1. Would you check the accessible area of residue 317, probe 1.4 Å, heavy atoms only, in square angstrom rounded to 10?
2. By accessible area of protein heavy atoms, probe 1.4 Å, what ranking do 484, 176 get, highest first?
3. Which helices count as membrane-span-like in the chain under these terms: full DSSP H, at least 30 Å along the axis by C-alpha, Kyte-Doolittle mean of 0.5 or more?
4. Determine the shape class of segment 472-582: with a ≥ b ≥ c the square roots of the Cα gyration tensor eigenvalues, call it rounded for a/c under 1.5, and otherwise prolate if a/b is greater than b/c, oblate otherwise.
5. Please state the shape class of segment 205-264: rounded when a/c is under 1.5, otherwise prolate if a/b exceeds b/c and oblate if not, all from the C-alpha gyration tensor.
6. Provide 366, 451 ordered by accessible surface of protein heavy atoms (probe 1.4 Å), highest first.
7. Keeping all protein chains in the complex and leaving out DNA, RNA and ligands, what accessible area do you get for residue 224 with a 1.4 Å probe, in Å² to the nearest 10?
8. Using a 10 Å cut-off on Cβ atoms, rank the peptides 179-188, 37-46, 104-113 from the highest mean neighbour count down.
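The values are calculated or read from the model by the stated rules, or taken from the named source; none is laboratory data. From a predicted model like this one, the values you see are computed outputs, not experimental measurements. A quick note on method: Cβ atoms are made from the backbone with ideal geometry, for glycine too, and the neighbour counts reach across all protein chains shown. For the accessible areas, the whole protein counts, side chains as well, though only heavy atoms, and no ligand, DNA or RNA atoms are used. Shrake-Rupley method; radii C 1.70, N 1.55, O 1.52, S 1.80 Å.
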Amino acid sequence: MRAIPLSALVLLLPLTALRADQAHDTAEQKFKELDKNGDGVVTPDELPAPRIFKFLDRNGDGKITLEEAFAAIPRAEELRRVQGSSVAVPAPTGPHAVSASQAGIGRRIDDLTLTDLDGKTRPLSQAVGKNGAVIAFTSTTCPVSKRYAPGLARLEGSLREKGIALVLVDPFATDKPEELRANMKSLGVSSLVMHDREGVVLRGLQGSSSAEVFLIDATRTLLYRGALDDQYGLNYSQDAPKLTYLLDAVAEMVAGRKVTIAATSAPGCDLETPALTAKAATSITYHGEVERILQQNCAECHHAGGIGPFSLETLGDVKDRAKTIKRVVEQGIMPPWFAVPAEADKPSPWANDRSLSPDSKKTLLTWLDSKDRPEGRPADAPKPVKWIPDWSIGQPDAVLTFAKPVDVKAEGTMPYVNVQVPTTFAEDRWITAVEVLPSAREVVHHVVVSTVKNKANSGEGGFTYFALYVPGTSAERFPAGMAKKLPAGTTLNFQMHYTPNGKATQDTTRIGLYFAKEPPKWEVRTAAAMNMRIAIPAGDANHQETAELVVPPNVLVLGFFPHMHVRGKAFRYDLVQMDGTSRPLLEVPRYDFNWQLTYELATPFMSGLGTRIKATAWYDNSAANKANPDPLKNVRWGQQTNEEMLVGSVKYAVPIQAPVETAQR
C-alpha cells in the first residue's frame, strides 16, 4: 500500500473512529467548509495542498466531488487496520518509581515535636523504635486514605515485631479530631496518632500525598517514601496488593541493605507542603548531614571493595578527597547524570535521576567550603550499609556466564570484545528483571547485552538490546505486569568494553535472569533510531546527525538509551506528532562516553498513530576533544571506539492482549 501524506491522515483518520453514517456526515461537513464558492466541487485553489488533493481526487480530473470524499472513508479505515488501532490502550495505573535523590532519600529527618490526640508531646527521637519508625499520613476525608486505614492498622503488629514504631499523622487542618479519634479506636490502633494542624510533620517530611508513608531508621535517616503498596489508587481498587513497597523496604532495612526501590509516587489527595526552613551553614556537620548525602549518592561505588577508585565511607576518606569531591560536584561530573535538570520546584521526569537535589548539593558544598569541616556527634551518624558484592536484587532464577575467561591486558587500550552465550532454554521465557555482573569490575567500562537475531526473535527491527551494565548500575527491574520475552534457543551477545588499569587480569561476566511468576500484560521491547550513514568531517567541533524511529501506536514509552562513542558531544530525543509538531523528550547537553546511562521515565506516555521519535546527535571531531583518537580523520559508522555510532534506543511496552506492529527505523 502506498504511503499516504501525513496532512491527509490528519483529515481522514478521525473518520475511522465513527460509524459509517457519522463518518459520512463529518465528511460532508468538511467538504462544505472547503467548497468556498458552493459549486459542489473542491478545486486546487480551495484545497492548496497538492499531495492531499491528489490523494482525494480519485479520477484525476482536477476536482474533488462529495462522492470522492465519501470514497476516502474506507481507504482511511484500511490505513487504520494496516498501521494499528487508533483506539487508545489504557496505560497501567498505580504507583511508579521516582528519583530517590530528588525525593530526599538519605537525609536526616529533624527531631520533630509530635503531639498526640490527648495533647501530649514528645520528640520524634523518643517515638522511634529500636530499628526505626514508619510515619504514615492518613485522613478521615480522603477516599484513598480511608481505604488504606485498615491496612495501616494491620501493619502495626508486624512492625512492632521488627522493632519499628508506627506513627499515624492526619495532615489536614480541617479534618475533625473527634472523627480521627473514633476511626482509630474502631480499628484498634494503639500507636501514636496525631492531628498535624500546624503542619509540623508535613513540613519536616515534605509530604506530597495523604496516603504517603515514610520509613526512617533508628538514626532518623529517611530510607523510603511513597506508596504503602499498589492496592488502592484514585481510580482503582484491588482485592490484594501485588507490590508491597513499604514491607520490601522494611525487610531490606532490617537486613542492613540499601533499599532497592526507595521512592515512589503515592496515591491519595495532594498536599500543600510548607517550605523547609533553611539550615544555618554553621549547623551542618559530617555526621549530621554530609555522611548521609555521600552514603546515598556516592558510596554505592565508593566503598571498600566497590568499583569506585577510592572509598568515601569515613570522615578521613572524605577530607582526603575534599577538593576532588568539590570539583566534580560543582562541574556536574558526579554523581553521573547528564539530562537537563527539571525546572525549579518541579519533580524530575526521570525515575532513575541520580543527580544531587539542589538542597543536598548546597549542603555538601557549604560543608566542603567551611573552614574546619565539622565532624559533629558520632551519635548522629547514619547506620552503615551492607554493600552486596553479588546479586543486588536477590538470587536469579537462571545464571548464564562466559564459557572461558577473557584476558584483559595491563596497559593501553582494548577493542570491543564480543562473547556469545547460548541460553539453551527449551521454551520461551518471560523476564521481569535482569542483572549483569562482571567478575573484574575494576576493568569493565560497560557491557551491552543483545540477542542474536534468529528466526524466533527477528521482529525487533534490527536492534536487539537486552541488558546493560555500567558502573553503579548492574540491575534492571521492569514495572509491575511487564516483562521481556526471551525466545527459546536465543543466543546472548556480550559486547565488552575493557579499560586496562595497570594490572593484567581475567574477566568472566555473568548475567542473572529473573522469571515472571505469572503471564505479563505488557511486553517490554527495545527499538532504536539509528543512522548508519553518519559522516563526521575531520576537525569539525560541532557536527550534527539525525535519525528517526516510527513508534507503533498505543504502546507505552518507558525510557531512552542514547549511545555514541568518544566523539559524542550531545544528544537529544524529540517526539514528533503526526501533524508535524514536536516537543523535546530528553536533552543531554554534555554526553559522556564513560557513562552509558539509561533514562527511565517516571511517567511513561502512550504513543499515538504516526508518532515518530527523532534522535539528534552532535559530535566533536576536533583536536580540542582530548578523547578524540584522530582529529584528522573523517569518521563513519563502526563498532570500535575509534569509529562512531548514532543509536537512540527507545524502550517501550506493548499490550500483549492487543498485538501491535513492532517499531521500524
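1. Only protein atoms counted, so the area is about 40 Å².
2. 176, 484
3. Sorted by number, there is nothing, because no helix extends far enough and scores high enough.
4. Oblate.
5. Oblate, since a/c reaches 1.5 and b/c is not below a/b.
6. 366, 451
7. It works out to around 0 Å².
8. So the order, starting with the most tightly packed, is 104-113, 179-188, 37-46.
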